[in-house]
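Since the structure comes first, as structure tokens, the remarks are kept for the end.
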Amino acid sequence: MSNNTIQYSSEKLKKFEIILDEALRLTKEELENLKNDRKAQKQHLAQTNVDFNQSSKHFQQQAKDKQLINRLQRKSRELQSALKRIQDKTYGVCERTGQLIREDRLIAKPTARFDILNT
């Protein structure tokens, strides 16, 4: 990057990195717990004799869990992408305008790639 490129200071990037690292850790933890719960539910269902209503509820819950897993995986990818942008020193720069994204927006949504007020 050239010296006249707009970017956040190293101190602020470090602050955002800590926020993103913690969010990624929590997301991965939640994802792992959800996957473990699904395995346990499948084993329980296989080992017990359940009626149609219980089976139907189980499959509805499985569908909801799958959606949640997909959302958590997407969130994990977004957080990893944001951490890569920190390494590249492009974090916090609006991809449309090239201007800095407001700090309060990044605190509210650390994976933001655009500043909604400047677009």
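Each value in this text was obtained by applying a stated rule to the coordinates, not by laboratory testing. These numbers come from a predicted model, not from an experiment. Cβ coordinates were reconstructed from backbone atoms using ideal geometry, including for glycine residues, and neighbour counts include every protein chain displayed.
Structure notes:
- Taking amide H atoms as placed 1.01 Å from N in the peptide plane, the amide H of residue 93 lies under 5 Å from those of 101, each 5 or more residues away in sequence or on another chain.
- The slack in the chain from residue 102 to residue 48, taken as 0.36 nm per residue of separation less the alpha-carbon distance, amounts to 14.0 nm.
- With N the number of residues in the range 10-90, Rg(Cα) / (2.2 N^0.38 Å) evaluates to 1.55.
- Distance from the range 7-47 to the range 98-119 (C-alpha centre basis), Å: 23
- Projecting the Cα atoms of 43, 76, 62 onto the charge dipole of the range 10-90, computed from C-beta unit charges around the Cα centre, puts 76 farthest toward the positive end.
- As a rough guide to protection, the peptides 105-111, 32-38 ranked by mean Cβ packing within 10 Å, highest first, stand as 105-111, 32-38.
- Each label was represented as a point 7 Å from its Cα along the Cα-to-Cβ direction; for residue 17 and residue 89 these points are 1.3 nm apart.
- Using the Cβ-Cβ distance between residue 63 and residue 7 with R0 set to 41 Å, the FRET efficiency from 1/(1 + (r/R0)^6) comes to roughly 0.45.
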